[in-house]
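Some notes on the structure that comes next.
Every read-out reported here was derived from the displayed coordinates using simple, explicitly stated rules and does not represent laboratory data. Since this is a predicted model, take the numbers as computed values, not measurements. Please note: Cβ atoms are built from the backbone with ideal geometry, for glycine as well, and neighbour counts cover all protein chains shown.
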Amino acid sequence: MEIPNLERRQVYLDPVRKIIENDIFLRWVREQLDLISDEGDTLRHTQRMTNCGYLLIRHLAREQKLSNDDIELFVETCLSHDLGKIEVDYKSLIKTSGKFSPEDFEIVKQHVEKGYDILKHCGRSDEVYNPVLIHHTFQPDPYPPLAIKRKKNMNERDKRNGRLLAMTDVFETCAFGRKFVEIRPLPLDKAPEAVWPARRRGDY
């Protein structure tokens, strides 16, 4: 797949914006992301990641004959993947270094189950909350334990979308970096190279 020339600005692609505007819950998620107390890091990450996820799933839709509903559900999954961070108090975690300590990161990891609980409680599709729950289980240090346990019994569709979500997350992070984690951004045409070795190992 050709890597598009994504500008480093915090806007949604028009098709993504239309999907969000047509769903009151997604509009609420968009508003909640703006309230996370991490100086806008999660908001910007999610905006770019949702755009990347849309381009990825649209490409796969042509190859795998996915429906418009499949595309919209994956956009929702990308938009909602860090929703649990609304319950993380970043201001109390970021100390003098401005970066996460190992202890801080253990607290941040709780956002996965928190987001899963919110999506499930709000009656969203299991095609959304299951991939959100497991998207950190494809990496060398998988978490959370609940996701590792439940992934074994998930259907192949949810596992596939969890892998796609994980790959999109890693791609965006490699391409743009994160504020509180020591990751140097790569050129967009080089970022996929950071994902493929992990994919060959079977992590994605």
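Just a few scattered comments:
- Counting every other Cβ atom within 10 Å of each residue's Cβ, Leu119, Leu73 order from fewest to most as Leu73, Leu119.
- Spin-label pair Phe105/Leu35, simplified geometry with 7 Å Cα→Cβ offset, distance in nm: 2.9
- The eigenvalues of the Cα gyration tensor, multiplied by 5 and square-rooted, give region 62-150 an equivalent ellipsoid with semi-axes of 28, 14, 13 Å from largest to smallest.
- Per-residue Karplus couplings for region 60-71, computed as 6.51 cos²θ - 1.76 cosθ + 1.60 with θ equal to phi - 60°, are listed in order as 5, 4, 5, 7, 10, 6, 7, 8, 4, 4, 4, 5 Hz, Gly and Pro entered as x.
- Taken along its three principal axes, the alpha carbon spread of region 14-201 comes to 50, 36, 36 Å, from the longest extent down to the shortest.
- Entries in Lys85/Lys152; Lys109/Lys149; Lys85/Lys179 that, when Cα-Cα distance is taken, lie over 18 Å: Lys85/Lys152
- Whole-Å distance, taken between Cα centres, linking region 121-175 and region 60-83: 13
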